[in-house]
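Working notes, structure below.
The values are calculated or read from the model by the stated rules, or taken from the named source; none is laboratory data. Since this is a predicted model, take the numbers as computed values, not measurements. Note that each Cβ is placed from the backbone with ideal geometry, even for glycine, and that neighbours are counted across all protein chains shown.
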Amino acid sequence: MYTEPEIIVGLDLGTSKIAVVVAERDSRFQDAQIIGIGSAPSLGIRKGLIVNLEQAVQAVRMAVQDAEKMVGFEIDEATVAFSGIDATSITSRGMVSLGRVPRQVGIQDIERVIEAAQSELSVPSNRVTLHTIPVKYSLDGNSGIDDPLGMTGIRLEIELQSVIVPTSVIQNIINCVESAGLNVNGLVIKSLASALGSLTDEETRTGAVSLCVGGGTTGVALFSDGRPVRLTVIPIGGDHITNDLAYVLKIPISKAENIKHQISLILDENDDTVEVEARGRTKLLEVSEAVDVVSCRLEELFVDHVLKTFSDQNVHMFPAGIVLSGGVAKTGGIETFTTEVMNLPVRIADPLDSFQMPPGRNDCEYTTSSGIIRYIMNKERNPYRYIEAPIEVLRSGGMSAYMAAKRGGQQRNTKSASGGEGFRHFLEMVKKSIKELF
Ligand SMILES: Nc1ncnc2c1ncn2[C@@H]1O[C@H](COP(=O)(O)OP(=O)(O)O)[C@@H](O)[C@H]1O
Ligand SMILES: [Mg+2]
């Protein structure tokens with residue numbers, strides 16, 4: 001039976017540009033096609049945080065209008081990806097008994113074990129759990145269970161990854177996007193969206209690292225056995241490189257930006273000097289000096305910050321290596337440079353791995369956009385893979401979003417109507433998952 005395709009929209013709130021991605025998906029959530037990506041320069045957003053609401057609203061409107069021109073219809077809702085530099089990713093564990101005799105694991109048992117792991121977390125009252133991601137299940141001590149539903153045992157255990165974000169950050173984002181005239185359907189942290197837009201399924205299973213280096217932030221996602229074991233955002237990006245170049249070479253920011261686009265980190269590929277017009281005078285700059293500045297900042301980012309996010313995870317857990325995305329991944333020679341610094345295989349992301357991209361948008365800068373679509377598809381196909389706090393709960397802040405979604409009306413800070421809405425949302429997710437699985 002033919003059914004009309006549904007439209008899904010993602011909004012990438014970057015620090016350099018805002019992108020709006022529009023996709024059509026079939027009603028069974030099996031497939032999606034990107035039909036347009038609009039974009040506009042980002043304003044009022046610094047290091048992933050909204051610093052000027054009016055400007056940010058204006059920039060979102062421009063990006064939406066650009067996308068609307070491309071697809072030919074009005075856009076009124078979106079799932080929003082944001083940097084969230086204050087986000088923390090925490091691992092917790094839970095265990096439940098299935099009884100004294102072995103029996104099959106049901107949906108309720110999966111819920112119970114998620115709740116058990118959630119109860120191990122203490123979320124400060126000014127923060128909210130945006131993402132709850134089951135990373136690893138084990139049944140009677142056998143780890144590496146991909147999906148325990150329907151399997152038989154007596155003891156179910158889980159390792160959970162929770163992404164906790166300041167409530168005010170989320171509320172400012174919702175406020176901004178809604179003021180620009182869009183309903184917010186959901187939120188996803190940039191490091192997760194970018195990873196889903198740049199890693200292949202095989203890489204996520206083998207173990208890989210997604211590094212999305214944007215203007216003001218770098219999203220880091222470590223994937224192992226198909227699941228994100230850590231999601232972080234580092235407040236360093238390409239704009240720091242531009243500022244360093246302007247400062248060290250004593251040239252204006254716009255010239256520094258140009259030089260950054262021209263040079264290659266592999267020195268032999270550069271001319272020895274480059275002419276720069278600055279303040280009415282022509283300066284001759286040593287290219288090697290510019291390369292040193294860029295290399296120095298990138299090395300700091302990779303070694304001092306990215307490697308630190310690995311903490312107890314060994315680099316050998318990620319044999320598929322690093323996949324670079326974001327505008328900075330277009331820096332000449334960055335693949336070779338990163339391979340040497342990180343001692344892992346490196347490749348530049350190709351959004352085509354996920355989706356056919358519109359002309360001019362098939363570029364590693366747009367992996368966050370394609371990743372939002374892949375995230376929405378994944379979430380709807382299997383609600384226990386990426387559990388996201390219902391928007392009503394995020395809007396009002398308060399307790400752990402998953403618990404709030406389940407308990408609905410009981411939540412203290414939420415009006416009973418919106419709490420009930422949260423619970424209905426949760427039930428809908430469960431129903432969808434049951435349909436999907438049987
Ligand atoms: N060809 C290039 N070479 C080096 N840096 C680049 C190039 N193109 C874009 N960039 C840098 O990438 C950053 C923007 O990346 P992007 O992913 O669009 O950012 P965001 O997601 O934060 O909006 C900027 O710092 C920009 O200078
Ligand atoms: Mg980006």
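Output yes when any residue across the range 170-184 is part of a strand (DSSP E or B), out of contact with any Phe, Trp or Tyr (no Cβ under 6 Å at 6 or more places or on another chain) and either surrounded by fewer than 21 Cβ atoms within 10 Å (Cβ to Cβ) or without any contact (Cβ under 8 Å) to a residue 12 or more places away in the chain (or both), and no when none is. First the steps, then the outcome.
First, the residues of the range 170-184 that are part of a strand (DSSP E or B): 183-184.
From the residues that got through so far, the ones that are out of contact with any Phe, Trp or Tyr (no Cβ under 6 Å at 6 or more places or on another chain) too are 183-184.
Filter again for either surrounded by fewer than 21 Cβ atoms within 10 Å (Cβ to Cβ) or without any contact (Cβ under 8 Å) to a residue 12 or more places away in the chain (or both), leaving 183-184.
Within the range 170-184, one or more residues are part of a strand (DSSP E or B), out of contact with any Phe, Trp or Tyr (no Cβ under 6 Å at 6 or more places or on another chain) and either surrounded by fewer than 21 Cβ atoms within 10 Å (Cβ to Cβ) or without any contact (Cβ under 8 Å) to a residue 12 or more places away in the chain (or both).
Take the residues in the range 18-62 that are assigned to a helix (DSSP H, G or I) and more than 20 Å from residue 85 (Cβ to Cβ); name whichever of them is farthest from ligand 1 (Cβ to nearest atom).
Checking each candidate, the answer is 54.
Does residue 110 count as farther than 21 Å from residue 167 by Cα, surrounded by 18 or more Cβ atoms within 10 Å (Cβ to Cβ) and at pLDDT below 95? Let's see the steps before the verdict.
Working: farther than 21 Å from residue 167 by Cα: yes; surrounded by 18 or more Cβ atoms within 10 Å (Cβ to Cβ): yes; at pLDDT below 95: yes.
Judged against the criteria, residue 110 is a match.
Against the criterion of being buried (at least 17 other Cβ atoms within 10 Å of the Cβ) and closer than 30 Å to residue 90 by Cα, residue 264 does not qualify.
Run down 249, 245 and say which single residue is more than 22 Å from residue 322 (Cα to Cα), more than 11 Å from ligand 1 (Cβ to nearest atom), in contact with a Lys or Arg (Cβ under 9 Å, 6 or more places away or on another chain) and in the same structural domain as residue 291 (by TED's automatic domain parsing).
Values: 245 fails: more than 11 Å from ligand 1 (Cβ to nearest atom).
Of the residues listed, the single one that is more than 22 Å from residue 322 (Cα to Cα), more than 11 Å from ligand 1 (Cβ to nearest atom), in contact with a Lys or Arg (Cβ under 9 Å, 6 or more places away or on another chain) and in the same structural domain as residue 291 (by TED's automatic domain parsing) is 249.
Okay, residues lined up against (1) of a type outside the set (Val, Ile, Thr); (2) out of contact with any strand residue (DSSP E or B) (no Cβ under 6 Å at 6 or more places or on another chain); (3) modelled with pLDDT of 95 or more:
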site	(1), (2), (3)
47	yes, yes, no
54	yes, yes, yes
58	yes, yes, yes
78	yes, no, yes
100	yes, yes, no
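Does residue 275 fit the bill of being of a type in the set (D, E, K, R) and closer than 30 Å to residue 319 by Cβ? Quick ask: steps written out before the conclusion?
Working: of a type in the set (D, E, K, R): yes; closer than 30 Å to residue 319 by Cβ: no.
The answer is no for residue 275.
Hey, any hits in the range 260-274 for a residue that's modelled with pLDDT of 95 or more, in the same structural domain as residue 222 (by TED's automatic domain parsing) and among the acidic types (Asp, Glu)? Within the range 260-274, none of the residues are modelled with pLDDT of 95 or more, in the same structural domain as residue 222 (by TED's automatic domain parsing) and among the acidic types (Asp, Glu).
Could you tell me how many of the residues in the range 54-84 are surrounded by fewer than 17 Cβ atoms within 10 Å (Cβ to Cβ), over 15 Å from residue 179 (Cα atoms) and either of a type in the set (S, T, N, Q) or not assigned by TED's automatic domain parsing to the domain that holds residue 175 (or both)? Counting residues in the range 54-84 that are surrounded by fewer than 17 Cβ atoms within 10 Å (Cβ to Cβ), over 15 Å from residue 179 (Cα atoms) and either of a type in the set (S, T, N, Q) or not assigned by TED's automatic domain parsing to the domain that holds residue 175 (or both) gives 0. Comparison of 289, 277, 257 shows that the only residue that is assigned to a helix (DSSP H, G or I) and either at positive phi or away from ligand 1 (no atom under 16 Å from the Cβ) (or both) is 289.
Sort through 226, 153, 207 and tell me the only one that's buried (at least 17 other Cβ atoms within 10 Å of the Cβ), of a type outside the set (A, V, I, L, M, F, W, C) and under 20 Å from the mean Cα position of the chain (by Cα).
Details: 226 fails: buried (at least 17 other Cβ atoms within 10 Å of the Cβ); 153 fails: under 20 Å from the mean Cα position of the chain (by Cα).
When all the criteria are applied, what remains is 207.
Going by the conditions given, is residue 162 over 17 Å from residue 386 (Cα atoms), of a type in the set (Ser, Thr, Tyr) and in a strand (DSSP E or B)? No: the conditions fail for residue 162.
Highlighted here are the helices (runs of 4 or more DSSP H) found entirely within the range 190-249 that include at least 3 residues which are away from ligand 2 (no atom under 16 Å from the Cβ): 201-206, 238-249.
For the range 340-368, a residue qualifies if it is within 15 Å of ligand 2 (Cβ to nearest atom), touching a Phe, Trp or Tyr at 6+ places or on another chain (Cβ under 8 Å) and within 20 Å of residue 228 (Cα to Cα), and exactly one does: 351. Looking at this structure, is residue 15 polar (S, T, N, Q), within 16 Å of ligand 2 (Cβ to nearest atom), modelled with pLDDT under 95 and not in a strand (DSSP E or B)? Against the criterion (polar (S, T, N, Q), within 16 Å of ligand 2 (Cβ to nearest atom), modelled with pLDDT under 95 and not in a strand (DSSP E or B)), residue 15 qualifies.
Can you tell me which residue in the range 116-132 is nearest to residue 92 (Cα to Cα), limited to those that are touching a helix residue (DSSP H, G or I) at 6+ places or on another chain (Cβ under 8 Å) and of a type outside the set (S, T, N, Q)? Write out each step before concluding.
Quick first cut of the range 116-132, residues touching a helix residue (DSSP H, G or I) at 6+ places or on another chain (Cβ under 8 Å) only: 118, 126-132.
Subset that is of a type outside the set (S, T, N, Q): 127-128, 130-131.
Working: 127: 17, 128: 16, 130: 15, 131: 13 Å.
Top of the filtered list is 131.
Please enumerate the residues belonging to the range 306-339 that are more than 16 Å from ligand 2 (Cβ to nearest atom), modelled with pLDDT of 95 or more and polar (S, T, N, Q). Listed by number, the residues that qualify are 336, 338, 339.
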